[in-house]
Amino acid sequence: MIKPLTSLRFFFAFFVFLSHLSYLKEDKNYKGIFESVFSEGFLGVSFFFILSGFILALNYRDKFINKKITLKKFYIARLARIYPLHFITMLVSIFALGSGFKNLLYNVLLIQSYIPDSKVFFSYNAPSWSISDEMFFYALFPALIIIVYKLSNFLKITILAAFISLILFLNFILVDEKEAHYWLYISPFIRIFDFLLGILLFDLLLYLKNKKPELKQSSLNFLEIGGIITLIVFLIFHEKIAINYRFSIYYWLPMCMIILGASSSFIFKETTTWTSKVLSWKGLVYLGEISFGFYLIHYLVLTYTHKLNGLIGIHLKNFPFTVEMFFITLITSIFAFECIEKPLNNKIKNLFS
């Protein structure tokens, strides 16, 4: 485990949480910060897709190359990691967000993101569309990691340039915002490029590790702090950039810089930058561990809390309401991690092994 990367997962899951607080636009005191910062919270999904490719490459690259793991074991491990909580949150969503048996079946099979219709890919627990994408990535990962391993550095750069060109072309031809939203942000067939970027990013990290004697701590400090600064700058100027680009490649640069910078412990024996040391604190790492639950649960908490708000005579709104929902999500995520994710993960692995 690279502790700083684990901690970062929570911050980006929190960013997604902020993006769903659209009711803040109704209050002039919060409208500005929602439109200028919170509304861009969808960038958290890009971070997760890139990080997913990066972490899977870190954990499984050598195992697949040296044939120390079977496809069965890999797929069981991935399914055990994400499916139990997805299935339970889907069942909980039926009461408030249910939208028909066909959509339920799509969600059970985790193929809802394959359908270019928001009534389908956002059906039931809406954030699970990204889990549908992840399952697609997992299916292709064993082949992708071997292909990347066998390619020369020149071909890797060529492939990276090719899919950046493809996405730029799609940005140019997709003039309808709904179509652009699906194909550039939702579709697993396009978002696979984020995942592949993560795999290539790990490949770059291996190259940097081999150059360790020449690599200075100041370089990692630049990547880590520079990535955060770059992300802030990109957020400041995001309104000048078309939404199509923000759905796709706009935030790639700061994400890659942050991930590489936070991976210093992979290159050196211990974390060397001050930001990585902070992100390695036990409490932040634990928040990162529960971040998957936080991400999947937060939308349900927002939905049900809205419906129940004022039921017992207390009607919260705006910031106090947001704080309430945050802590409900946090507590529920801890429960889900300890009582659902960890035990069911182990049981599924043991059952199918």
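The values are calculated or read from the model by the stated rules, or taken from the named source; none is laboratory data. Quick caveat, the model's predicted, so the values are computed rather than measured. Please note: Cβ atoms are built from the backbone with ideal geometry, for glycine as well, and neighbour counts cover all protein chains shown.
Side notes on the structure shown:
- Among residues of the stretch 92-118, those that are surrounded by fewer than 15 Cβ atoms within 10 Å (Cβ to Cβ) and more than 22 Å from the chain's Cα centre (by Cα), counted: 8
- Evaluation of SER187 against the conditions (1) at pLDDT below 95; (2) over 30 Å from LEU208 (Cα atoms); (3) among the small types (Gly, Ala, Ser) shows that the sole unmet condition is (1).
- Of the criteria (1) of a type outside the set (A, V, I, L, M); (2) over 24 Å from TYR295 (Cα atoms); (3) buried (at least 16 other Cβ atoms within 10 Å of the Cβ), which one PHE121 fails: (2)
- Residues in the stretch 88-147 that are over 30 Å from ILE69 (Cα atoms) and either polar (S, T, N, Q) or in contact with a Pro (Cβ under 6 Å, 6 or more places away or on another chain) (or both): 7 in all.
One line per residue, one yes/no per condition, for (1) hydrophobic (A, V, I, L, M, F, W, C); (2) in contact with a strand residue (DSSP E or B) (Cβ under 8 Å, 6 or more places away or on another chain); (3) within 15 Å of PHE136 (Cα to Cα):
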| position | (1), (2), (3) |
| --- | --- |
| ASP27 | no, no, no |
| GLY41 | no, no, no |
| GLY44 | no, no, no |
| SER52 | no, no, yes |
| LEU56 | yes, no, yes |
| TYR60 | no, no, no |
| LYS67 | no, no, no |
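- Per-region count, the stretch 143-155, residues in a helix (DSSP H, G or I), under 18 Å from TYR60 (Cβ atoms) and either of a type in the set (Asp, Glu) or more than 20 Å from the chain's Cα centre (by Cα) (or both): 6
A quick yes/no check of all residues on (1) over 13 Å from the mean Cα position of the chain (by Cα); (2) among the basic types (Lys, Arg):
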position: LYS3; (1), (2): yes, yes
position: PHE12; (1), (2): no, no
position: LEU24; (1), (2): yes, no
position: PHE48; (1), (2): no, no
position: ILE65; (1), (2): yes, no
position: PHE74; (1), (2): yes, no
position: PHE87; (1), (2): yes, no
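- Within the stretch 288-313, restricting attention to residues that are within 22 Å of PHE95 (Cβ to Cβ), aliphatic (A, V, I, L, M) and not in a helix (DSSP H, G or I), the residue that is modelled with the lowest pLDDT is ILE312.
- Only residues that are among the acidic types (Asp, Glu) and in contact (Cβ under 8 Å) with a residue 60 or more places away in the chain were counted across the stretch 319-349, and they come to 1.
- Failed item in (1) over 29 Å from SER132 (Cα atoms); (2) modelled with pLDDT under 90; (3) in contact with a helix residue (DSSP H, G or I) (Cβ under 9 Å, 6 or more places away or on another chain), with THR230 passing the rest: (2)
- Any hit, the stretch 154-165, residues being in contact (Cβ under 8 Å) with a residue 60 or more places away in the chain, β-branched (Val, Ile, Thr) and crowded, with 20+ Cβ neighbours inside 10 Å: no
- Verdict on LEU144 being buried (at least 17 other Cβ atoms within 10 Å of the Cβ) and under 24 Å from LEU200 (Cα atoms): yes
- Leading residue by the ranking (farthest from the chain's Cα centre (by Cα)) among those in the stretch 168-191 that are among the charged types (D, E, K, R) and surrounded by fewer than 20 Cβ atoms within 10 Å (Cβ to Cβ): ASP176
- The requirement of being among the β-branched types (Val, Ile, Thr), in contact with a helix residue (DSSP H, G or I) (Cβ under 8 Å, 6 or more places away or on another chain), farther than 30 Å from SER248 by Cβ and assigned to a helix (DSSP H, G or I) is fulfilled somewhere in the stretch 86-93, by at least one residue.
- Selection count, the stretch 56-94, where residues are among the β-branched types (Val, Ile, Thr) and farther than 23 Å from PHE292 by Cα: 3
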